[in-house]
Each structure stands twice: as structure tokens, then as C-alpha cells.
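Data block below; observations after.
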Amino acid sequence: MKILKSPQELNLALFDLRLKKTVGFVPTMGYLHDGHRKLVKQARKENDVVVVSIFVNPLQFGAGEDYKKYPRGLARDQRILEAEKTDFLFLPDVKQLYPDDFVTEVRVSRLTEGLCGKSRPTHFAGVTTVVLKLLNVVQPTNLYLGQKDYQQYRVLRQMVKDLNLQVKVRMVPIVREPDGLALSSRNVYLSKTQRDEARFLSLALNEAKKKIVNGEKNVGTLKKAMRDCLKKAKSARVDYLEIVDADSLQGVLKLKSGQTVLIALAVYFGKTRLIDNMLVKGK
Ligand code: AMP
């Protein structure tokens, strides 16, 4: 695995390869777990060359969020990526991506207003700005994103379409712990009690899913069932709990038959904010 820090060097290293080979790209913030690993495995399966980036992007953290203490563990990350046969690891530093005179922002409207965009109003502009920069450096054939951050996937897919970027966006399903908790680098922040109660996130999603599969269409009823389930997690504080159309991300009141909806939630355990979601097709 080649490790490169400079955008120019990585772009140059990929220049000849791109002419004849497919390139799969997995952007991450590091502290890798089996969710990231699944993205890399999929990229490995579908491409000749695999590029992974690790960059904790300051632009996507709001004031008072966990940018400074975001977990980092480069030596272990490198071992994981070697084991998954990654060809290039891109490790830019902040000054390289954002020099002092940096003033450009890439912003996708509408899709970024609800869900996580509501409580994190600057987050998605930070994501789209850095991902466009990374895509310009790597110029991959395929971009791999996790369903775990479904809104991010949806927003980036729109950016790719709107800006005519020549990359295919692939979504990889959520990898979970045996008790259902979605893997996340932030799970290390949880105390033992919080970790135990965090399983109610996926239990609440499953509760709504089960009801939809059984024909329930009323979103009020579905949300109530989810809230009741989350009440069992005593240390949890719900940030949002939404059922939206999976394509437009607009809220729905009543599910239409055949409509795919996203059931999504964000829940605080102390200062730790966890997100999870499920995609379900109405009967
Ligand atoms: P992050 O390092 O948190 O920025 O995540 C990098 C990529 O990994 C994003 O596309 C995430 O959606 C994806 N990802 C994170 N957690 C999971 C998970 N549990 N299952 C699948 N993909 C994930």
C-alpha cells in the first residue's frame, strides 16, 4: 500500500492507471471498523485499483462538536487497509486541503435542510466541499458510501448529478453489532450503560419496519411506536425521529403503497450523538 500525503502526488500516481483501470474510492475519517472495511471490500471486488482516504474534515464539524477529540488510530487503520489490499492510502493534512486563502464552499440545497441538516446546519456544506475536492484529486470510477449516513449519500449523489461528475456512486448497507447497534467510530465514547441502551435505536427502527410490513401507513402511529421503544433507553435524548421519502427526503404523513421511505433517527447519549436508519418499501 502506497501512502501519500500530497494531493498532487496522488493525482500524478493515478494518472496512468486511470487510463486503463477502474479506480474505487472510499473516503473516511479513520478509526476504522467493520463498516468501513465492508466499503473497502466492495471497492476491492469491483475495481482494479482501490484508494482510501483518511481525513478528519474540520469543515463538517460545527462549533462545540467533537472535531478535536474525534478518535484517531492511524497505525491500526493502516494494518486494516493493508489486510484489505488497499493500493493507495491518501492522508492529506488540513493545511494542504485548506490553505489560509481557501474561500470556496460547495452547497447542495433542499436535501440538506431536514434530518441531520437541522441540528447541524453547516455539516453538509463541509461534506460536499471536501468530497468534491477528494473526487477531483482521485477522479475515481466508483465512489463508495455507507447507508449509515444515508442523507450524506443522497446529498452526494445529487452533487455528482448536478455537477456532471463522472463517477458512479455506490451505497453499501449498514454493518451492525450483534445486538443491532450500527458500527460507528463514535461508539467508543459511550459508557457501559449508554452502550447497552444504544441497542434501542435499531429496535425502534425495526419496530416501525415491522408495522409497515404489516400494512401500517400512518406515520403518526409509526413514530409513536418508535418513541415508546426509545423511552426504554433512560439515558437517551432524541434529536430527531423522522419518516421521509427516500428520494426527496421530504416528510410524509401517510405511506403510499410501493413508496420507499427512510426511517431515520438521531439520539444523544450524553454528548454523543448517534444516527441510524432503515429503508423500507410500503406495502
Ligand atoms: P466516516 O469515517 O464516519 O466518515 O465514514 C466513512 C464511510 O463509512 C461513510 O460512507 C459512512 O457512511 C461509512 N460507514 C460508517 N459506518 C458504517 C457502518 N456501520 N456500515 C456501513 N458503512 C458505514
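The values are calculated or read from the model by the stated rules, or taken from the named source; none is laboratory data. Predicted model only: the values in this text are computed from it and were never measured. Ideal geometry is used to build each Cβ from the backbone, glycine not excepted, and the neighbour counts take in all protein chains shown. Only protein heavy atoms, including side chains, enter the accessible area calculation; ligands, DNA and RNA are left aside. Shrake-Rupley method; radii C 1.70, N 1.55, O 1.52, S 1.80 Å.
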Are there any chymotrypsin sites (Phe, Trp or Tyr not before Pro) in the range 120-200 that are in a DSSP loop and have at most 16 other Cβ atoms within 10 Å? List them by number.
none
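Using a 1.4 Å probe on the protein heavy atoms, what percent of the accessible area of the range 63-149 belongs to carbon and sulfur?
Exposed carbon and sulfur together represent 50 percent of the surface.
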Calculated FRET value between D228 and E105, using beta carbons and R₀ = 25 Å, to 0.05:
0.05
Could you report the accessible area of D179 in Å², rounded to 10, computed with a 1.4 Å probe on the protein chains as they sit in the structure?
60 Å²
Would you mind working out the accessible area per residue for the range 85-199, using a 1.4 Å probe, and quoting it in Å²?
48 Å²
Which residues among the range 84-114 fall inside the zone where the amide N is under 18 Å from a point 7 Å beyond the Cα of D245, along Cα→Cβ?
109-114
With label points built 7 Å along Cα→Cβ from the Cα atoms of R186 and Q96, find their separation and express it in nm.
2.7 nm
Cross-link partners of K283 among aspartates and glutamates (Cα-Cα below 20 Å; sequence separation of 8 or more within a chain)
E207, E216, E242, D245, D247
Pairs K69/K211; K68/K209; K2/K168: which are spaced more than 32 Å apart, C-alpha to C-alpha?
K69/K211; K68/K209
If a/c stays under 1.5 just call it rounded; otherwise compare a/b with b/c (prolate if a/b is bigger, oblate if not). Do that for the range 231-280, with a ≥ b ≥ c from the square roots of the Cα gyration tensor eigenvalues.
prolate
Rounded to the nearest 5, the percent of DSSP beta bridges in the range 145-283 running antiparallel is 90 percent
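Just by accessible area at a 1.4 angstrom probe, what is the order of R110, R199, R237 from largest to smallest?
Heavy-atom accessible area, descending, gives R110, R237, R199.
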Rolling a 1.4 angstrom probe over the protein chains, ignoring ligands and nucleic acids, what is the accessible area of L165 in square angstrom, nearest 10?
40 Å²
Inter-label distance for N206 and T221, nm, one decimal - labels placed 7 Å from Cα along Cα-to-Cβ
2.2 nm
Could you tell me whether the range 64-191 comes out rounded, prolate or oblate from its Cα gyration tensor? Rule is a ≥ b ≥ c as square roots of the eigenvalues, rounded for a/c under 1.5, then prolate if a/b exceeds b/c, otherwise oblate.
rounded
Would you mind classifying the range 140-283 by shape? Square roots of the alpha carbon gyration tensor eigenvalues, ordered a ≥ b ≥ c; an a/c under 1.5 is rounded, otherwise it is prolate if a/b is larger than b/c and oblate if not.
oblate
Would you give the gap between the C-alpha center of the range 191-236 and the C-alpha center of the range 119-138, rounded to a whole Å?
31 Å
Taking only DSSP H segments of four or more residues, each worth -39500 (n - 2.57), what value at 222 nm results for the chain once the sum is divided by all its residues, to the nearest 500 deg cm²/dmol?
-11500 deg cm²/dmol
Where does the chain land on Rg/Rh, using Cα atoms and the Kirkwood Rh?
0.97
Alpha-carbon centroids, the range 20-60 and the range 244-283: separation in whole Å
25 Å
Over 20 Å (Cα to Cα) among K45/K161; K45/K133; K224/K254 -> K45/K161; K45/K133
